[in-house]
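Have a look at the structure below before the remarks.
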Amino acid sequence: MKAAFLYAEHPASADVNEIYWIPVFDETKAFPALTSKTFLSGINARTNDGFYHFSSRKDAQNYVDNFLVP
């Protein structure tokens, strides 16, 4: 299978510097088939963004369905 990339942008109710990131990192790392993630932040837009790399498109869709959209 071919690898898949995903970009996601999440609105945040708090400033990026006020968020406790450790649980976010732990939950992200625990998701199977996620090979890497680059965290981004829209400082003035109050968004938490990122580029995700998955082993396959199916794994990327699973992440969207079960983590990003509960």
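With the condition being aliphatic (A, V, I, L, M), I'd like the strands (runs of 3 or more DSSP E) fully within the chain carrying at least 3 qualifying residues.
4-11
Taking region 20-67, which residues are among the aromatic types (Phe, Trp, Tyr) and surrounded by fewer than 13 Cβ atoms within 10 Å (Cβ to Cβ)?
TYR20, TRP21, PHE25
Give me the pairs: first residue in region 33-54 and over 14 Å from ILE19 (Cα atoms), second residue in a loop (DSSP other than H, G, I, E, B) and not acidic (Asp, Glu), beta-carbon distance under 8 Å, and six or more apart or on different chains, which are they?
Close Cβ pairs satisfying both conditions: ALA33/SER55; ALA33/SER56; THR35/ALA3; THR35/SER55; HIS53/ALA3; PHE54/ALA3; PHE54/ALA33.
Say we look at region 1-19 and pick out the residues that are exposed (fewer than 11 other Cβ atoms within 10 Å of the Cβ) and within 20 Å of VAL69 (Cβ to Cβ); which of these is farthest from the chain's Cα centre (by Cα)?
SER13
Out of the residues in region 32-51 that are of a type outside the set (Gly, Ala, Ser) and farther than 20 Å from LYS2 by Cα, state the one that is modelled with the lowest pLDDT.
Per the criteria, the residue is ILE43.
The values are calculated or read from the model by the stated rules, or taken from the named source; none is laboratory data. This one's a predicted model, so the numbers in the text were calculated from it and none came from an experiment. With ideal geometry, Cβ positions are generated from the backbone for all residues, glycine too; neighbour counts draw on all protein chains shown.
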